[in-house]
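These notes are about the structure you will find just below.
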Amino acid sequence: MNLTEFRRRRRQLMGMMGPGSVAILPTGRETIRNRDVHYPFRPDSDFYYLTGFSEPEAVMVLVPGRAHGEYILFCREKDPTKELWDGYRAGLEGAVAAFGADDAFPIADLDDILPGLLEERERVFFAMGSDPELDKRVSDWVSQVRARARAGVHGPIEFLALDHFLHDMRLYKSRAEVTVMRHAARLSAQAHCELMRRCEPGMHEYQLASLFSHHCQMNGTAHLAYPSIVGGGNNACVLHYVENSAPLMDGDLVLVDAGCEFGCYASDITRTFPVNGRFSDAQRALYELVLDAQLAAIDKVRAGNHWNDPHQAAVRVLTKGLLKLGLLRGTLAKALKAEAYKRFYMHRTGHWLGMDVHDVGDYKVDGHWRELEPGMVLTVEPGLYIPRGAKGVAKKWQGIGIRIEDDVLVTRADPDVLSRDVPKGVEQIEAMMAR
Ligand code: GLY
Ligand code: MN
Ligand code: MN
């Protein structure tokens, strides 16, 4: 992503904010894992979306119309000793030269400088209520400005939720974003193919997880978008199973939900395949039902349809199929009305996808499901989960968990499946595994 893209986003946001306003946006914090060890740092998505700046301890301030520069970055100063221990810092000069800030100040001076930037600004945009420390600091800065009222200084009179504006922007992916997301999905798809080729009975779930990260890392990205879920047999029925500790058994299916992050953009793909390379009859019957549901749902990812259309399509196909297989009883109309499928399919069919795996953006507008529009990216991920011991369910269906998940871009024409490079048909999977 080049500087122009970040500048375009800041311009767009400042256009919405209008004159007489200011936006304040800190990045994420470093989190301690245990004594002297931190979790790997990942910048806050909103912050990175506007700055492309990935160091911790930074705050972006936008001041539309400010003569001395509209884009101010507070960040760490260069410090040879600290850099020797903890790594490179862009410093104030780098913030301007490499990241396009109009002005940069030391993060340590934030409390001294910020009140001055709020003078004569009526509206403050920041993510109220998301970080108590930020709430307190903003309120302190505002009181300092108000305290100067008798000197004729005017302070802000209105606070607006910055995230509300930003998240709507982030929902519509630009051409540059689609390129990056397509690349992330491709890397993940190739890694899923590699898992299909390498899987065999006796391997452990964590070994498939390790192969997935290895393949992504050997092909161009250091990070995953979320911890991989690798569940063999009955473990696939635990929706967010991340222990990944069990051996993979001959005759079981394995569910792999894994996606890399590339340039701070997520991919999110699930495939379910037989550990030994061949689907049993029962596995195939359930698998093909989930696949039919997924294809029906993907077909609804079209501009003008609403958010819930893919889910409804999936639920209808699943319910029909469960009735046919004898896993549900009664008529289609009654089963749909009673939401009987929820016993075996308890989550929704997808979510927005972008910089965050469960990306930002409202699903309803004015109480109605949102209309799909070109540039939106979502996952389509129906499943069926029939745990061991499920009451009143024939043995042959038990211990099977299946989910099939793809990343889909809404276009003016047909749905664009970004993760299409990994097979999902029964024959295609068996062929890939036979290699
Ligand atoms: N990987 C998490 C999800 O599919 O939503
Ligand atoms: Mn997902
Ligand atoms: Mn997933």
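Nothing in this text is a laboratory measurement; each read-out follows from the coordinates by a stated rule. All values derive from a computational prediction rather than experimental measurement. Backbone-built Cβ (ideal geometry, glycine too); neighbour counts: all protein chains shown.
Listed from fewest to most Cβ neighbours within 10 Å, the set GLU405, GLU371, GLU430 follows the order GLU371, GLU430, GLU405. Estimated purely from DSSP H runs of n ≥ 4, each contributing -39500 (n - 2.57), the mean residue ellipticity at 222 nm for the chain is -11000 deg cm²/dmol once divided by its residues.
Fully extending the segment from ASP86 to LEU3 would add 27.3 nm, taking 0.36 nm per residue of separation and subtracting the current Cα-Cα distance.
Residues within the reach of a label modelled at ARG435 (point 7 angstrom out along Cα to beta-carbon, backbone nitrogen below 17 Å), restricted to segment 217-257, are 219.
Counting only DSSP beta bridges whose two residues both lie in the chain, roughly 80 percent are antiparallel. Judged by the ratio a/c of the largest to the smallest principal axis of the C-alpha gyration tensor, segment 189-332 counts as oblate, that ratio being 1.5 or greater while a/b is no larger than b/c. Placing +1 on the Cβ of every Lys and Arg and -1 on the Cβ of every Asp and Glu, with nothing else charged, gives the chain a dipole about its Cα centre of roughly 1740 debye. Between ASP168, ASP36, ASP46, the GNM of the chain built on Cα springs shorter than 10 angstrom shows ASP36 fluctuating the most.
Applying a threshold of 22 Å to the alpha-carbon distances of LYS324/LYS395; LYS342/LYS396; LYS136/LYS364; LYS300/LYS424; LYS342/LYS391 flags LYS136/LYS364 as lying beyond it. This model, with +1 at the C-beta of Lys and Arg and -1 at the C-beta of Asp and Glu, gives segment 367-406 a dipole about its Cα centre of some 600 debye.
Using a cutoff of 8 angstrom between alpha carbon atoms and counting only pairs six or more residues apart, the relative contact order for the chain works out to 14 percent. Principal semi-axes of the equivalent ellipsoid, √(5λ) from the alpha carbon gyration tensor of segment 320-435, are 29, 23, 13 Å from largest down.
In what order do LYS424, LYS320 fall by count of nearby beta-carbon atoms within 10 Å, going from fewest to most?
Lowest count first: LYS320, LYS424.
Placing dummy labels 7 Å off each Cα toward the beta-carbon, the span from ASP281 to ALA222 is 5.3 nm. Distance from the Cα centroid of segment 1-69 to that of segment 133-180 is 12 Å (rounded to whole angstrom). Annotation: the antiparallel percentage among DSSP beta bridges lying fully within segment 45-121 is about 50. Fully extending the segment from GLU371 to GLU427, taken as 0.36 nm per residue of separation minus the present Cα-Cα distance, adds 16.6 nm.
Taking a sphere under 13 Å around the Cβ of GLN294 and counting the other residues whose Cβ falls inside, with K and R at +1 and D and E at -1, yields a net charge of -1.
In a fully extended conformation the segment linking VAL393 and ALA303 would gain 28.4 nm over its present Cα-Cα distance, using 0.36 nm per residue. Ordering GLY94, THR31, LEU187 by Cα displacement along the dipole of the chain toward the positive end leaves LEU187 in first place; charges were set at the Cβ atoms of Lys, Arg (+1) and Asp, Glu (-1). From least to most packed, judged by other beta carbons within 10 angstrom and beginning with the fewest, CYS199, CYS193, CYS216 follow the order CYS193, CYS199, CYS216.
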